[in-house]
1. Going through region 261-286 one residue at a time, which ones are surrounded by 14 or more Cβ atoms within 10 Å (Cβ to Cβ), small (Gly, Ala, Ser) and in a loop (DSSP other than H, G, I, E, B)?
2. Looking only at residues in region 199-221 that are within 15 Å of the chain's Cα centre (by Cα), of a type in the set (A, V, I, L, M) and not in a loop (DSSP other than H, G, I, E, B), which one is surrounded by the most Cβ atoms within 10 Å (Cβ to Cβ)?
3. Would you check if there is a residue in region 60-69 being within 29 Å of Val189 (Cα to Cα) and more than 8 Å from ligand 1 (Cβ to nearest atom)?
4. Which count do you get for residues in region 239-260 that are touching a residue at least 24 places away in the same chain (Cβ under 8 Å) and either polar (S, T, N, Q) or part of a loop (DSSP other than H, G, I, E, B) (or both)?
5. If you go through region 320-345 one residue at a time, how many are in contact with a helix residue (DSSP H, G or I) (Cβ under 9 Å, 6 or more places away or on another chain) and in contact (Cβ under 8 Å) with a residue 60 or more places away in the chain?
6. For Lys27, all conditions in the list (1) in contact with a Phe, Trp or Tyr (Cβ under 9 Å, 6 or more places away or on another chain); (2) of a type in the set (Lys, Arg); (3) within 14 Å of ligand 2 (Cβ to nearest atom) hold save one; what is the number of the exception?
7. Given the condition among the basic types (Lys, Arg), over 20 Å from Leu119 (Cα atoms), within 11 Å of ligand 1 (Cβ to nearest atom) and assigned by the TED database to the domain that holds Arg107, answer yes or no: does some residue in region 8-19 qualify?
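The values are calculated or read from the model by the stated rules, or taken from the named source; none is laboratory data. This one's a predicted model, so the numbers in the text were calculated from it and none came from an experiment. Here the Cβ is made from the backbone with ideal geometry for all residues, glycine too, and neighbour counts use every protein chain on show.
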Amino acid sequence: MRAALSLAQRGLGLTAPNPTVGCVIAKDGRVMGRGVTQPGGRPHAEQVALAQARAAWGAEALRGATAWVTLEPCAHHGRTPPCADALAAAGVSRVVSTVEDPDPRVRGRGFAALRAAGLEVTTGVLADEALALNVGFFTRLALGRPHVTLKLAAALDGRIATASGESRWITGPAARARTHLMRARSDAVLVGAGTARTDDPMLDVRLPGLEGRRPLRIVADGGLSLSLMSRLVRSAGERPLLLMHREGAARERRDALRALGVEMLPTGDRNGELLLSDALARLGARGVTRVLCEGGGRIAAALLRDDLVDEIAWFAAGAVLGADAAPAVGRLCVERLANAPTFTLSSHERLGGDTLSVWTRPLPG
Ligand code: AOF
Ligand code: ZN
């Protein structure tokens, strides 16, 4: 199952709105086929692994094999026939899996179909790892919006820029490379308008072997202040760019941005502040499952205030910048500790001279 999970991990950022699933088929101690959900979400992992096993060993050899699958095999007739039926028809005699697929078309029907066909089914193996891997898929199905990770790269006192506004680079190369890996595994990368203006970021993936990843780049830019000459806008032809803006933002500006290949997402607002929950629900509806928010302080605070942060990835550098520097998170107006957003430490590691701590919150329900 660990091998199947690490196969599945390769699909993160590529399979939305579908989950990324890994499948390993083995018999007599020998691996016969491996598969991972293909880019765009199809073919499913089981189909890929079955095809590989058949090509290498012949169809007959699959009789009596065991399939290790990181999510309940599907039971619905989508654009491809159900994986549960395909496993049974191939003669696989045992399926080992993790958790139920919460897609209303599946929800236990895959396991039931396998058992009805006479296969031995074991579930619950490495269930927590399987849930963590596809947390975007599970969050979207449960809440109708993508899973949101807030990335903060800050000094030891939580400041992200000096008093004069200098912010590059607080953390070192290992932390930056990890950020690029996190981008590659996300469906979308989000920043606020202030960060887009001061950093003029590209928000692309610059890691050997992963240059082809093109997560949707999003700027929360209520008044459409983003310069037409910014690197984000200038690269909108090759890498998708979406701007969340207030419904009343200037029409000429919208037309000019659209003409440059930028997609517009008109979003409701409360006293001029974009309703990020609405915008995220719209992103969920179009299939986005994993969003990485890279700041700055204002959008970080807005997301936290509206209870929209599922995970914080906290990169800490060994500098102290002091209260005259910009904070990683803007004003939250928390008066009582009991009302502060709280997270639980899920991992902590050293990255060169910096550290990365990942803090999470359980999915409601
Ligand atoms: C599997 N194996 O590798 C994946 C599954 O639109 P469709 O027909 O491709 O179905 C999408 C649903 O299939 C998705 O919501 C989830 O329930 C399941 N994904 N199932 O057996 C896979 N990716
Ligand atoms: Zn399937």
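1. Hit for region 261-286 is Gly261, nothing else.
2. Restricting to residues being within 15 Å of the chain's Cα centre (by Cα), of a type in the set (A, V, I, L, M) and not in a loop (DSSP other than H, G, I, E, B), the top hit is Ile218.
3. Checking region 60-69: not a single residue is within 29 Å of Val189 (Cα to Cα) and more than 8 Å from ligand 1 (Cβ to nearest atom).
4. Residues of region 239-260 that are touching a residue at least 24 places away in the same chain (Cβ under 8 Å), as a first pass: 239-246, 249-250, 253-254, 256-257, 260.
Subset that is either polar (S, T, N, Q) or part of a loop (DSSP other than H, G, I, E, B) (or both): 239-240, 249-250, 260.
Residues that pass the stated criteria total 5.
5. Matching residues across region 320-345 total 4.
6. (3)
7. No, the conditions are met nowhere in region 8-19.
Rundown of residues vs (1) of a type outside the set (A, V, I, L, M); (2) under 30 Å from Asp255 (Cα atoms); (3) in contact with a Phe, Trp or Tyr (Cβ under 8 Å, 6 or more places away or on another chain); (4) at pLDDT 95 or above, yes/no style:
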{"site": "Pro266", "(1), (2), (3), (4)": "yes, yes, no, yes"}
{"site": "Ala281", "(1), (2), (3), (4)": "no, yes, no, yes"}
{"site": "Arg298", "(1), (2), (3), (4)": "yes, yes, no, yes"}
{"site": "Leu303", "(1), (2), (3), (4)": "no, yes, no, yes"}
{"site": "Asp306", "(1), (2), (3), (4)": "yes, no, no, yes"}
{"site": "Gly322", "(1), (2), (3), (4)": "yes, no, no, no"}
